[in-house]
Amino acid sequence: MLKQYLLTPGPTPIPPQIALKEALPVIHHRTSEFASIYKDVAEGLKYVFQTRNEVYVLACSGTGAMEMAIVNLLSPNDKILVASCGNFGERWAKIAQSYGVETIYVSVEWGKVLDPLEIEKTLKKNPDIKAVFTTFVETSTGVASDIKSIGKIVSQTNAVFVVDAISGLAGQEFRTDDWEVDVVISASQKDFMLPPGLAFIMFSQKTQKLIELSRLPKFYFDIKKYRDFYLINQTPFTPPVTLIVALQEALKLIRNKKIENIWNDCKRLARAARAGMQSLGLKLFAEVPCEVVTTASVPENIGEKIITTLKERYSVSIAGGQGKLKGKIIRLAHMGYIGKVDLLAGFACLEIVLSELGMDIEKGKSVAAVQKEFLG
Ligand SMILES: *Cc1c(COP(=O)(O)O)cnc(C)c1O
């Protein structure tokens, strides 16, 4: 049995302190014991989101929280703007369209970054747009969007600004209130160092009017139910208590370390990962690379093989391209509990595998490049 190295952009590895919490006996969710844990978790989430608004915990993956945003803000035939630079941006449009919401697009080629001025122009041309949806870290391409600039633009209109920060939140600098973001979504299995299964969602004051007017069908994801139960430190339906107990521990680790220190660590890991890829002759794929996952173009004849060989031979998991990028890029994550040693191990194995698959690689080159960044 080989030791696992999980260097994928979700799920990510779990620290032992957190895993131990998951082994504790299940507690009942209608108890003061649970309420006090939930209260602590709610405060911790506000800190990580950098917001004064309430953050709700949901029992679903991140996409469930995306759907929750749409069904609580909109009505049939409402018009929205989806600003998309990859697979996850497109998901916003797919969900909206399945509910009969009219979608206007601002999009760029995958790998490129969105231009906030395009969003501004489109909003001016369509003053009836109710909400702008975009992605913070577009995990499918490794690009980070300029949420601060887009937030400034949207805040001057009647539209609300909704951001999928499923990847990136708790890893790369993100300031919900300062950047005037109205709905922020995240999930447990990326930078939060938890298993999959939880999603988080925050709504600002500006969203209240839309929530009142919203006529899209909803039951499990009705924000009003979560708001009522939040007041008594509970959730409307049976929550995954085990994951919430683990979340409390994760938030404690994050608060003890301080979010700014986590941002700095991710920045350094990202620099090292980029240097590692380039030293192997691989071209970085993202026009504006994020700090939690590094993407690089690979020869198409070995693209898929790199991923499967790494896994089978060395038990190292990295991700390949999604959708139209399948076989064309590799994605190596440095979020959550993934650290310097994981990165060194990952690159050491990646080098061997690229050689085995026929690329001319000088041994130790990427490891040296990563080490140099760590020293510098
Ligand atoms: C991982 C990810 C998702 C998908 O979330 P699920 O938890 O699989 O539903 C959506 N958006 C982004 C940016 C992601 O990184």
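Some notes on this structure:
- The dipole here belongs to the chain: it is taken about the Cα centre, uses +1 on the Cβ of Lys and Arg and -1 on the Cβ of Asp and Glu, and is about 160 debye.
- Kyte-Doolittle at least 0.0, axis length at least 20 Å by Cα - qualifying DSSP helices, the chain: 32-49, 241-257, 340-356
- Rg ratio for the stretch 151-275: its Cα radius of gyration over 2.2 N^0.38 Å, N being its residue count, equals 1.21.
- Amide hydrogen proximity for Gly321: with H placed 1.01 Å from N in the peptide plane, the residues at 5 or more positions away or on another chain lying under 5 Å are Gly327, Lys328, Ile329.
- Semi-axis lengths (Å, descending) of the ellipsoid that matches the C-alpha gyration tensor of the stretch 228-319: 37, 19, 13
- Cα centroid separation, the stretch 173-225 to the stretch 330-356 (Å): 32 Å
- Mean ellipticity per residue at 222 nm, deg cm²/dmol - from DSSP H runs of n ≥ 4 across the chain, formula -39500 (n - 2.57): -13000 deg cm²/dmol
- Here the Karplus relation 6.51 cos²θ - 1.76 cosθ + 1.60, evaluated at θ = phi - 60°, turns the backbone of the stretch 207-217 into coupling constants of 7, 4, 5, 5, 4, 5, 7, 4, 10, 5, x Hz, with x for every Gly and Pro.
- Looking at the stretch 178-310, the accessible area is 42 square angstrom per residue; that uses a 1.4 Å probe and ignores ligands, DNA and RNA.
- Percent of alpha-carbon pairs separated by more than 18 Å within the stretch 22-124: 65 percent
- Dipole magnitude (debye, nearest 20) for the stretch 69-183, charges at Cβ of Lys, Arg, Asp, Glu: 220 debye
- Note on Thr31/Glu109: beta-carbon distance plugged into 1/(1 + (r/R0)^6) with R0 of 56 Å gives a FRET efficiency of 0.60.
- The chain: C-alpha pair distances exceeding 25 Å, %: 55 percent
- Taking amide H as placed 1.01 Å from N in the peptide plane, the amide H of Phe285 sits under 5 Å from that of Thr295, Ala296, Ser297, each at least 5 places away or on another chain.
- Semi-axis lengths (Å, descending) of the ellipsoid that matches the C-alpha gyration tensor of the stretch 289-376: 20, 16, 12
- Alpha-carbon centroid distance for the pair the stretch 241-258 / the stretch 32-83, whole angstrom: 17 Å
- The listed peptides 28-39, 179-190, 340-351, ordered by packing as a protection proxy, come out as 179-190, 340-351, 28-39 (highest mean of other Cβ atoms within 10 Å first).
- Selection from Asn264, Leu284, Ala246, by position along the positive dipole direction of the chain (Cβ): Ala246
- Qualifying GluC sites (Glu not before Pro) in the stretch 84-123, DSSP loop, other Cβ atoms within 10 Å at most 16: Glu109
- The stretch 13-23 - phi-based ³J(HN,Hα) in whole Hz, Karplus 6.51/-1.76/1.60, Gly and Pro as x: x, 10, x, x, 4, 6, 4, 4, 4, 6, 8
- Projected area, mean over directions - the stretch 108-183, Cα convex hull, nm²: 4.8 nm²
The values are calculated or read from the model by the stated rules, or taken from the named source; none is laboratory data. As the structure is a prediction and not an experimental result, all values here were calculated from the model. Quick reminder, even Gly has a Cβ in these numbers, built from the backbone with ideal geometry, and neighbours come from all protein chains shown. Only protein heavy atoms, including side chains, enter the accessible area calculation; ligands, DNA and RNA are left aside. Shrake-Rupley method; radii C 1.70, N 1.55, O 1.52, S 1.80 Å.
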